[in-house]
Amino acid sequence: MRFIPYILLFLMLRVGVADAAASSEVVVRVWQSQDGLPSNVVRSVVQGSDGYLWVATAEGLARFDGFEFQVIEPEGELRRQRLAFSRLFATSGGQIWAATYQSGLFRVENGRLHKILENLRIPNQPLVSQLLQDPTGAVFFKRGTEYSQVLPGGSVIPVTPGDDLLQEFDEDLKKQVAGGRVVEVDGRPVLRDRTGRTWQAGFDGGLTVAAEGEPAVPVELPERGQTYRVNELMEDREGNVWVASPVNGLVRVHHARVGVLDTHQGQSELAVWALLEDRSGTWWIANRRGGVNRWRPGEEPRYLPLSAARSAAAIFEDRDSQLWVASGGGSVYRLIDGVLKPQFSKTQVPSKVRAIAQDSQGTLWFGGSQGLVSYSGGTVRRFGKEDGIVEDDLSVLQPFPGGKIIAGSSSGRILLGDGQGFSTIASPEVVKHQWISGILPVTARETWVSTLGSGLYLWDGGKWTCFDANDGLPDSRLTSVLEDGRGGLWLGSLGGIVRAERKELLAHARDPASAVKWLRLDHTDGMPSRECIGGYQPSGWKSADGSLWFPTGGGIARVRPDRVEINRVAPPVYLQSARANGTEHTTETGPIITAPGRARLQFRFVGLSYSAPEKVTYRARLAGLDDAWRELGTQRVAAFEAVPPGDYIFEVMAVNGDGVRSPAPARIAVVIKPRFWETAWFYASVGALVLSITAGVGWGAARLRMRSRIHLLKIRNARESERSRIARDGLD
């Protein structure tokens, strides 16, 4: 489905400023009529108890699942009326109520709009301003100064409220005001969210947000030549703030979990290859333009070129705080008196370097397309086949416990060794010949390796374990691997930034049945580009303050692991449609009964997670055919071909982008009828017939054998009689 405009507006992260400014980091997304919204004039928005979002517009009422708007049609004669909706209400059981500016009240039943109160045709008619459900389940509403009750059948009776009911209406009014609705004439929406922040619309439009005890910060909304006006605010269960605009459509705003370093904060080019923070707090940033940018927070960046405008492929600070920069297609440079100067001009090696590392003895190591080179005490040594180094393009170097160096290549080979020589600990076949993009040795028995295509690998000193899509990894095209010091492993990827708990990964390596919860951050969380850039070193960096930095094609993305809020709201999952042999079945509970013969089944479903509906993944099964769950990824359709006759149950689960599963699967029963020759009675009849024929044949054969024996006995008796007669005649 197309979402136009699809707007991501970032109030950019100011590195080194107070956290008060960070309260303005938001991600904004807009839906308008071209996206299926009935009208850009949005008057009210509410979330039902079943999790669906409902939107009232000037042109109709719609239910929203994060992807599509389902317009609710009025029943009967109501279709001829123009219903000017003013406000929406939600009660238990997923029940939705809509009040109109004509003082009417309607209820959504079975996907249709049913009348509860007739629209009035009088001037200054009183409006339905409140509707609530008491602890007994009874529904009451207030229209003007009058109170009424809606009976289960839909009829309305006036009531005189007692003190308890008046108190409930008073509490409901306070809840509405705090929840972003305008109750007073000429009022403006004010919302206090679950974190204590206050969102407030201005009298002339616009929106601000303020953390408790801090000044308000403006939220940049797509004004399109005019001030963005707000009818109503609403916070959903996941903490997203929804803006109902009388002109600009429906807007979702939530706080970014990823900060962005923009071009005015140290970069002269958006696309970043590699980055590093040195011990003094200075940042060194390699970009597409070539050379590196030197930048400190609060200072203007300084550009340092490499000769022949080459791009930097690797940046490294040694233990003496000397900065080294390598060009993938040329020389290795060292920063001397503020200038990057070639260091090995008298030799061809090291050259064309992709990675630099230093072991515990202080020896520098350079790896690239010309193999592996060490540098110590002014001596350069190139390692060859006799040292265990085959001809390969080395892409990663890292120090390893015990004074060793671990190296990875673009072909997938992984080497371990020291100045005495190297051995191959993983052949290219182990990682499926994929580029080694990152290596993180935690201990000698726990080393993590990221690959650009086959996922994440764990080496325990003897065995390799792979984590890929079959284990729930959101993207196997990894560009880096970092550890946050809090038990989390963070992976840059071409599909965003991925996080998992080390203890869960280690448990899964021991027992594949142990689950791993994967968190994926992308443009919906504030990333300037979902693709982290790999192939250069460092391709990710943990700064002194614990923040994690990832280079992308749109700038540098920063994650503060201690402040990343996990969406722990389990996404409810619902079946939207079911088809058998091309025929749609509308029965929600089933069973779906098909015509005789093998059937093609297709199910459509949706998991409700409004923070990032695009990141919801699904797993499904057809119990009775295959009890194993099928991982569907983000696909919201499951199909089964040539299903044989039988009784089945289709089940589907949803998992939000932060790894939280549905509280229960959506399910529906399916009965595929057999053809008459596939029925039990047919098999029984055929079996009985076969048994009868077999018995008859057996009886006939036995009878023939008996008759044959009798005949033989008669012949034998006749012969005996003849012999006796002859014997008697001889005696006579």
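The values are calculated or read from the model by the stated rules, or taken from the named source; none is laboratory data. Everything numeric here is computed off the predicted structure, so don't read it as measured data. Ideal geometry is used to build each Cβ from the backbone, glycine not excepted, and the neighbour counts take in all protein chains shown. Keep in mind that these areas ignore ligands, DNA and RNA; they rest on the heavy atoms of the full protein, side chains included. Shrake-Rupley method; radii C 1.70, N 1.55, O 1.52, S 1.80 Å.
Return yes when LEU416 is part of a strand (DSSP E or B), touching a Lys or Arg at 6+ places or on another chain (Cβ under 8 Å), modelled with pLDDT of 95 or more and among the aliphatic types (A, V, I, L, M) and no when it is not. Considered against the rule, which asks whether it is part of a strand (DSSP E or B), touching a Lys or Arg at 6+ places or on another chain (Cβ under 8 Å), modelled with pLDDT of 95 or more and among the aliphatic types (A, V, I, L, M), LEU416 comes out as yes. Among residues of the range 185-201 being in a loop (DSSP other than H, G, I, E, B) and modelled with pLDDT of 85 or more, the one that is nearest to GLU25 (Cα to Cα) is ARG197. Residue check: is SER103 at positive phi and surrounded by 12 or more Cβ atoms within 10 Å (Cβ to Cβ)? So SER103 fits the description; yes. Can SER92 be described as surrounded by 19 or more Cβ atoms within 10 Å (Cβ to Cβ), in contact (Cβ under 8 Å) with a residue 24 or more places away in the chain and not hydrophobic (A, V, I, L, M, F, W, C)? Criteria not met by SER92. Within the range 228-250, restricting attention to residues that are within 16 Å of VAL42 (Cα to Cα) and either part of a loop (DSSP other than H, G, I, E, B) or among the aromatic types (Phe, Trp, Tyr) (or both), the residue that is modelled with the lowest pLDDT is TYR228.
Within the range 136-177, how many residues are farther than 24 Å from LEU113 by Cβ and in contact with a helix residue (DSSP H, G or I) (Cβ under 9 Å, 6 or more places away or on another chain)? Number satisfying all stated conditions: 2. Restricting attention to the range 190-198, does a residue exist that is farther than 22 Å from PHE85 by Cα, in contact with a helix residue (DSSP H, G or I) (Cβ under 6 Å, 6 or more places away or on another chain) and of a type outside the set (Ser, Thr, Tyr)? Yes - at least one qualifying residue is present in the range 190-198.
Yes/no per residue for (1) without any contact (Cβ under 8 Å) to a residue 24 or more places away in the chain; (2) out of contact with any strand residue (DSSP E or B) (no Cβ under 8 Å at 6 or more places or on another chain); (3) open to solvent by 30 Å² or more (accessible area, probe 1.4 Å):
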| position | (1), (2), (3) |
| --- | --- |
| GLU391 | yes, no, yes |
| PRO401 | no, no, yes |
| ARG413 | yes, no, yes |
| VAL431 | no, no, no |
| GLU446 | no, no, no |
| PRO474 | no, no, yes |
| LEU482 | no, no, no |
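Does GLY696 satisfy the condition of being on the phi < 0 side of the Ramachandran plot and in contact with a strand residue (DSSP E or B) (Cβ under 9 Å, 6 or more places away or on another chain)? In short, no. Restricted to strands (runs of 3 or more DSSP E) entirely inside the range 521-628, those with at least 2 residues that are open to solvent by less than 60 Å² (accessible area, probe 1.4 Å), touching a residue at least 12 places away in the same chain (Cβ under 8 Å) and not β-branched (Val, Ile, Thr) are 548-552, 555-559, 573-580, 599-607, 617-623. Applying a threshold of 9 Å to beta carbon distances and a minimum spacing of six or more residues, or different chains, the list of pairs starting in the range 293-304 at a residue that is in contact (Cβ under 8 Å) with a residue 40 or more places away in the chain and ending at one that is of a type in the set (Gly, Ala, Ser) reads PRO297/GLY16; PRO297/GLY266; PRO297/GLY281; GLY298/GLY16. Against the conditions (1) in a strand (DSSP E or B); (2) among the polar types (S, T, N, Q); (3) under 33 Å from the mean Cα position of the chain (by Cα), THR424 satisfies every one except (3).
Considered as a group, the residues in the range 6-61 that are part of a loop (DSSP other than H, G, I, E, B) and touching a His at 6+ places or on another chain (Cβ under 7 Å) include one that is modelled with the lowest pLDDT, and that residue is LEU8. In the range 301-313, the residue that is surrounded by the most Cβ atoms within 10 Å (Cβ to Cβ) out of those that are over 13 Å from ILE285 (Cβ atoms) and either of a type outside the set (Gly, Ala, Ser) or at pLDDT 85 or above (or both) is ALA313. If LEU458 satisfies every condition in (1) out of contact with any helix residue (DSSP H, G or I) (no Cβ under 8 Å at 6 or more places or on another chain); (2) in a strand (DSSP E or B) but one, which is the exception? Checking LEU458 against (1) out of contact with any helix residue (DSSP H, G or I) (no Cβ under 8 Å at 6 or more places or on another chain); (2) in a strand (DSSP E or B), the one that fails is (1). What about VAL55, is it in contact (Cβ under 8 Å) with a residue 40 or more places away in the chain, among the hydrophobic types (A, V, I, L, M, F, W, C), open to solvent by less than 40 Å² (accessible area, probe 1.4 Å) and more than 25 Å from LEU608 (Cα to Cα)? Judged against the criteria, VAL55 is not a match. On inspection, SER423 qualifies as loosely packed, with under 14 Cβ neighbours inside 10 Å and at pLDDT 95 or above. Residues that are in contact with a strand residue (DSSP E or B) (Cβ under 8 Å, 6 or more places away or on another chain) and outside any strand (DSSP E or B) within the range 371-384 comprise just one, GLY384.
Residue by residue, here is whether (1) outside any strand (DSSP E or B); (2) more than 30 Å from LYS615 (Cβ to Cβ); (3) open to solvent by 40 Å² or more (accessible area, probe 1.4 Å) holds:
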{"position": "PHE67", "(1), (2), (3)": "yes, no, no"}
{"position": "VAL71", "(1), (2), (3)": "no, no, yes"}
{"position": "ALA98", "(1), (2), (3)": "no, yes, no"}
{"position": "LYS115", "(1), (2), (3)": "no, yes, yes"}
{"position": "ILE122", "(1), (2), (3)": "yes, yes, yes"}
{"position": "LEU132", "(1), (2), (3)": "no, yes, no"}
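Counting residues in the range 487-503 that are of a type in the set (D, E, K, R), part of a loop (DSSP other than H, G, I, E, B) and open to solvent by 50 Å² or more (accessible area, probe 1.4 Å) gives zero. Across the range 329-367, the qualifying residues are those that are in contact (Cβ under 8 Å) with a residue 60 or more places away in the chain and open to solvent by less than 40 Å² (accessible area, probe 1.4 Å), and the one among them that is farthest from ASP393 (Cα to Cα) is ILE356. Of all residues in the range 192-212, those that are within 15 Å of ASN240 (Cβ to Cβ) and surrounded by 16 or more Cβ atoms within 10 Å (Cβ to Cβ) have Cβ atoms under 8 Å from Cβ atoms of residues that are modelled with pLDDT of 90 or more and of a type in the set (Lys, Arg), 6 or more apart or on another chain, in TRP199/ARG192; VAL209/ARG197.
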